[in-house]
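First the structure, in the form of structure tokens, and then the observations on it.
The values are calculated or read from the model by the stated rules, or taken from the named source; none is laboratory data. Keep in mind the model is a prediction, meaning the values are calculated, not measured. Neighbour counts are summed over all protein chains in view; Cβ atoms, including those assigned to glycine, are modelled from backbone coordinates with ideal geometry.
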Ligand SMILES: [Cu+2]
């Protein structure tokens, strides 16, 4: 997992909005017991119809929280976030503290972009989000389907990342939870980047944003 990347082609007549950051998140899931990515599609098409494999790891760019990489920003930044759905189940990506507009879907410009803070995204879909960073703090950005923010069933984990403004760090409610459980050290995380438990425990939070109570 994580052994993939995005190939981005910009249209020649693309609008000339200048973004301070251009970030791609590839969303996927994984079964750590069977080490099967995307439910063994090749098996399915080869005539073996054993298709159902339960997922226990939900990933942003091949990593599950707390190994996901936070988006670090400055107040005033304009960020383009490209979401690419590489998985097999619907996701519902929700951002705290901000709204965003979806400027493109599947590479095509959206003529009347809607402002929103939650984006349903289905397998294969790609969305470009335009986010104005105008609310300093530490903000959670996550899949609102609860199973998808767990590692092997334990919250917090999975498809959860953060927008961190300069000077802010992991929100306290998350550091508290991480220090209370040790079950998030599942095989997925070992296969990826080591969990920086010590760093998480030392982190001082300055979260003046809302909690993660929804
Ligand atoms: Cu939330």
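Of everything in region 89-108, what is more than 16 Å from the ligand (Cβ to nearest atom) and touching a strand residue (DSSP E or B) at 6+ places or on another chain (Cβ under 7 Å)? Give them in sequence order.
Just the residues of region 89-108 that are more than 16 Å from the ligand (Cβ to nearest atom), to begin with: 89-90, 101-108.
89, 90, 101, 102, 103, 104, 105, 106, 107, listed by residue number.
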Index of the failed condition, residue 72 passing every other in (1) within 17 Å of the chain's Cα centre (by Cα); (2) crowded, with 17+ Cβ neighbours inside 10 Å; (3) in contact (Cβ under 8 Å) with a residue 60 or more places away in the chain; (4) more than 16 Å from the ligand (Cβ to nearest atom): (2)
What pairs come up if the first residue lies in region 87-99 and is closer than 14 Å to residue 130 by Cα and modelled with pLDDT of 95 or more, the second is more than 10 Å from the ligand (Cβ to nearest atom) and not in a strand (DSSP E or B), and their beta carbons are under 7 Å apart, counting only those six or more places apart or on different chains? 98/135
Inspect all residues belonging to region 79-100 and state whether any of them is at negative phi, part of a strand (DSSP E or B), more than 17 Å from the chain's Cα centre (by Cα) and surrounded by fewer than 21 Cβ atoms within 10 Å (Cβ to Cβ). no
Limited to region 130-147, what total is found for residues that are within 16 Å of the ligand (Cβ to nearest atom) and outside any strand (DSSP E or B)? 6
